[in-house]
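Beneath this line is the structure, given in structure tokens, with notes to follow.
The values are calculated or read from the model by the stated rules, or taken from the named source; none is laboratory data. Since the model is a prediction, treat every value here as computed from it, not as a measurement. All Cβ positions, even for glycine, are placed from backbone atoms using ideal geometry, and neighbour counts span all protein chains on display. These accessible areas exclude ligands, DNA and RNA; they are computed on the full protein's heavy atoms, side chains included. Shrake-Rupley method; radii C 1.70, N 1.55, O 1.52, S 1.80 Å.
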Amino acid sequence: MYIADKMSCHMLKLAAKFGCVSNMLYIAMYYYMTFRYREALFVIEMTRVKLAQPYLMYRGRVDRERYTEAVGGQSWSTKIRQAVAWDIILDNRICYISELIPEQQSALQNRMLTLYIPVFVMLHFLEFLCYRHIDTKLSQAALDELQVLVYHDQGLYIRDLSRDISWEILGICQQITGNLQAALYSYQQSLITQYPWNRIQTATHRRIHDIVGTTSHRPSRSRRGSNWRRYTNPVWISPQRWFTMSPTSRC
């Protein structure tokens, strides 16, 4: 297990070294999944600093003057590492974050092999999840930032095609904190979004059903648990196992 962990970390760091700024969040996801919350938060903070640079190019949008001043004349690899970010893409055959398993399974059932999550939404999501285990006040602060982003963004950081998963992630965070009414509203917004690009509606309906059942007649803990276990029955491939499998056995 130690060797698999070292190999996973090495390959993720290698991908981040030669990839764009947003690739660093894959390292944070791995640290979160392996319960290394402070390490994950360190990576998240590094990513936040890079994403805040005025010359950042995100989904093709950029301040050309500042971009040219910062990385003009540099090699393409340097420009990508220092000044380019993109959405986070999750392969739905791999479990990255347990909180997103229902959404990944819903997408798979609808023949969608990947989830596309805005990088700024994922950053606040991971920050919220990690701080839950360290500092509840900072966890709430991360949730507040995520809520402001989802509620008020006008397409700068969240494109229309990604609003379904963005509202969904906000609802997940709100449900985790026990704010069921806010979570219910967020899930409803996820359903009525104009472009259900990620095909997560099945998961959203189940989450709404879970909240309505909880607030109306309070089903037993064991019953609620069995519903989620039945929904997440398929076998998932962890990143540790993925990196140690042969290419032909991954398919």
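With +1 on the Cβ of every Lys and Arg and -1 on the Cβ of every Asp and Glu, and nothing else charged, how large is the dipole of the range 1-85 about its Cα centre, in debye rounded to the nearest 20? Walk me through the numbers on the way to the answer.
Working: 13 positive and 6 negative charges, 16 e Å.
Approximately 80 debye in magnitude.
Just how many % of Cα pairs in the range 1-134 lie over 22 Å apart, if you round to the nearest whole percent? List each step's numbers first, then the result.
Working: 3721 of 8911 pairs.
Here the tail beyond 22 Å accounts for 42 percent of pairs.
Hey, can you find the accessible area per residue of the range 125-173 for me, probe 1.4 Å, expressed in square angstrom? Present the calculation step by step, with values, prior to reporting the outcome.
Working: 2070 Å² over 49 residues.
Per residue, the range 125-173 has 42 Å² of solvent-accessible surface.
If you plug each phi of the range 140-153 into the Karplus form 6.51 cos²θ - 1.76 cosθ + 1.60 with θ = phi - 60°, what whole-Hz ³J(HN,Hα) values come out, in order, with x for Gly and Pro?
After applying 6.51 cos²θ - 1.76 cosθ + 1.60, I find 5, 5, 5, 5, 4, 5, 5, 5, 4, 4, 5, 5, 10, 5 Hz.
Over the range 24-163, what is the relative contact order in percent, taking alpha-carbon pairs closer than 8 angstrom and at least six residues apart?
Numbers: 154 pairs, mean separation 29.9, N = 140.
21 percent.
Run the count for the range 1-148, please: Lys pairs, Cα-Cα under 26 angstrom, 8 or more apart or on different chains. Walk me through the numbers on the way to the answer.
Details: Lys6/Lys17; Lys6/Lys50; Lys13/Lys50; Lys13/Lys79; Lys17/Lys50; Lys17/Lys79; Lys50/Lys79; Lys50/Lys137.
Lysine pairs satisfying the spacing and distance rule in the range 1-148 number 8.
Using the Cβ atoms and a cut-off under 13 Å, what net charge is assigned to the surroundings of Ile80, where Lys and Arg are +1 and Asp and Glu are -1?
Numbers: positive: Lys17, Lys50, Lys79, Arg81; negative: none.
With Lys, Arg at +1 and Asp, Glu at -1, the net is +4.
For Cα pairs less than 8 Å apart in space and 6+ apart in sequence, what is the mean separation divided by the residue count of the range 128-178, i.e. the relative contact order in percent? Provide the component values of the computation, followed by the final result.
Numbers: 23 pairs, mean separation 16.4, N = 51.
In percent, rounded to a whole number, it is 32.
Please sort 96-109, 153-166, 119-132, 47-60 by packing, taking for each peptide the average over its residues of neighbouring beta carbons within 10 angstrom, highest first. Could you put the intermediate results ahead of the total?
Numbers: 96-109: 20.2, 153-166: 18.1, 119-132: 23.9, 47-60: 15.6.
Those peptides, ordered most packed to least, come out 119-132, 96-109, 153-166, 47-60.
Do you know the relative contact order of the range 3-84, to the nearest whole percent, from alpha carbon pairs under 8 angstrom that are 6+ apart? Display every interim value, and only then the final one.
Numbers: 83 pairs, mean separation 26.3, N = 82.
Across the range 3-84, relative contact order equals 32 percent.
Give me, ordered by chain and number, the residues 5 or more places off Trp197 or on other chains with an amide H under 5 Å from its own placed amide H.
Correct list: Asp164.
Can you find, among Tyr116, Ile88, Trp76, the residue sitting farthest towards the positive end of the charge dipole of the range 27-148, where Lys and Arg contribute +1 and Asp and Glu -1 at Cβ?
Checking the options against the dipole of the range 27-148, the answer is Trp76.
Using only the Cα atoms of the range 70-147, build the gyration tensor, take square roots of its eigenvalues as a ≥ b ≥ c, and label the shape rounded, prolate or oblate: rounded if a/c is under 1.5, else prolate if a/b is larger than b/c, else oblate.
Numbers: a/c = 2.86, a/b = 1.20, b/c = 2.39.
Oblate, since a/c reaches 1.5 and b/c is not below a/b.
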